[in-house]
1. Can you sort Cys202, Cys460 by 1.4 Å-probe accessible area, starting with the largest?
2. Looking at the chain, send over the antiparallel percent of its DSSP beta bridges, to the nearest 5.
3. Among all lysine pairs in the chain that are eight or more places apart or on different chains, how many have alpha carbons less than 18 angstrom apart?
4. Per the 1.4 Å probe, what fraction of the accessible area of the chain, in percent, lies on carbon and sulfur atoms?
5. For the chain, which longest stretch is free of loop sites, where a loop site is one of the chymotrypsin sites (Phe, Trp or Tyr not before Pro) that DSSP puts outside H, G, I, E and B and that has at most 15 other Cβ atoms within 10 Å?
6. When the solvent-accessible surface of protein heavy atoms is calculated with a 1.4 angstrom probe, in what order do Thr170, Thr9 fall, highest first?
7. Quick check on packing: order 21-28, 134-141, 271-278 by the mean number of other C-beta atoms within 10 Å, highest mean leading.
8. So how much slack lies between Asp297 and Val200, counting 0.36 nm per residue of separation and subtracting their Cα-Cα distance, in nm?
Amino acid sequence: MNSSAARDTVVAAATPPGQGGVGVIRVSGPDSAAVYAHITTSPLPAPRVATNVEFVVQNEPVDQGLVLYFPSPRSYTGEDVIELHTHGSPMVQDHLLAALVKAGARLARPGEFTERAFLNDKLDLAQAEAVADLIAAQTQLAARSAHQSLRGRLSTLVDSLADELIALRTFIEATIDFPDDDTDFLEQADIVARIKSIEVRCTELSRGVEQGVKLNEGLRTVLTGAPNAGKSSLLNALVGFEAALVTPVAGTTRDIIKESVNIGGVPLLLMDTAGLRETDDLVERLGNERARAALEDADIVLEVVDATATANVEDVGHQPAHHDIANALEIGGNSSTTIPHILVLNKVDLTDAEPGRDADAPATVRVSALDGRGVGELREAIKETAGLRFNPEQFIARRRHLRIFEQTADHIASARQFASPPVHIELVAEELRLSHEVLQQITGRFTTEDLLGEIFSTFCIGK
Ligand SMILES: Nc1nc2c(ncn2[C@@H]2O[C@H](COP(=O)(O)OP(=O)(O)OP(=O)(O)O)[C@@H](O)[C@H]2O)c(=O)[nH]1
Ligand SMILES: [Mg+2]
């Protein structure tokens, strides 16, 4: 995929705009050394040796700092790269950027350095995406998982599945040219069983990918319950500011309110929803529909109950909102037992009960969203519920990867069907070819230009 010869030289600030101790400007491309000569009278330093130089533009000293030279191909992009470490002054940075552009470099597009690294085979596409995900990570767990993907964890898993596909494809395609009796041949070679084992592997991997997507987007944590139970108040207590409207009027929340929050290192996407009840109000009814749809897609459900309206925990099961929740969870194809569920008894300040958790019922937490008591214990409960789902080798992933795994699995399933009587061996081969081709879009070994543009345009400038 190497086409760096045709590429120009780009430049951008690699540190965020604003004042700081140090500001880094990065130059990459075949003319790096030539444009560098326009901002200093010092010679190009030895490769990879930090060297102190004075930056001089049109005979005027501008600043002094360190320069690092990474000749091609041993650089981030694979091209000649020069890093200028100036003082973190926006004035100095602008001055040097303008001089470098005047000397013939072009301002880099967002993500262009990483795109070049990809095009020069320094990183595959999943690793390149992991760079952006690492930079954007909001929690330690997300950052750690992004680092796993950057180290190639996801790519290795994808490649191992691709290798299995290659082995099977080679075997089948070699025999197509010698057609005896397809059925006999397939039975003898137990092709159906081999396809099935690849299918199982694909499903296993896609579970890991799903977890990786959750780390990226946050575990979808849905606050649900009857109107006025205090769902919005609780959302506000968990995020630490007044994100949602709170009023004594039942039926205040209609649309879903989403807020990202970091709870003990676990990224959550908290979703406050409309209170569940029978209603003739059109807007509230639509809000209820959205609330149910959110439940079906939830990773964690926080069922909020007004403790003053429910004397005993046992009574919760008789409440109309609880039935609604149970129904919604089953409709989603996820039985209510598989989605972790925490019962939050709110407004404990109006009861005699103590806030917090009972040792014998860790999934029930008494809180006051009003005065904040018990909210810490709720955080703990959420963290325990969510934290169980990740392992240290977990990698970060994107929805794009998940879709690819789904398509790959579909093609493999079709191949299995064509391998069963009545056998269509050419179609088996074709479906396996397609599954392989689709799978390789994750690492970018098979990718369209459009897709690349889409992915790299979401990066920040200078990366
Ligand atoms: N005393 C007390 N009042 C609370 C507590 N939490 C919420 N409230 C009050 O209960 C009322 C309803 O609170 P909301 O947070 O709007 O309830 P909700 O569940 O979002 O209600 P809907 O959006 O209508 O479904 C408001 O008047 C809150 O001030 C609490 O812990 N203690
Ligand atoms: Mg509300």
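The values are calculated or read from the model by the stated rules, or taken from the named source; none is laboratory data. All of these numbers come straight from a predicted model, not from anything done at the bench. Please note: Cβ atoms are built from the backbone with ideal geometry, for glycine as well, and neighbour counts cover all protein chains shown. The accessibility values were calculated without ligands, DNA or RNA, using every heavy atom of the protein model including side chains. Shrake-Rupley method; radii C 1.70, N 1.55, O 1.52, S 1.80 Å.
1. On the way: Cys202 5, Cys460 65 Å².
The most accessible residue leads, giving Cys460, Cys202.
2. On the way: 34 of 55 bridges.
Here the antiparallel bridges make up roughly 60 percent for the chain.
3. Working: Lys122/Lys463; Lys214/Lys258; Lys214/Lys383; Lys231/Lys258; Lys231/Lys347.
For the chain, the number of qualifying lysine pairs is 5.
4. Values: 11470 of 21950 Å².
With neighbouring chains kept in place, the figure for the chain is 52 percent.
5. Here the longest run is 1-240.
6. Working: Thr170 85, Thr9 0 Å².
Greatest to least solvent exposure: Thr170, Thr9.
7. Details: 21-28: 21.0, 134-141: 16.6, 271-278: 22.9.
Those peptides, ordered most packed to least, come out 271-278, 21-28, 134-141.
8. Working: separation 97, 0.36 × 97 = 34.92 nm, distance 2.37 nm.
Fully extending the segment from Asp297 to Val200 adds 32.6 nm.
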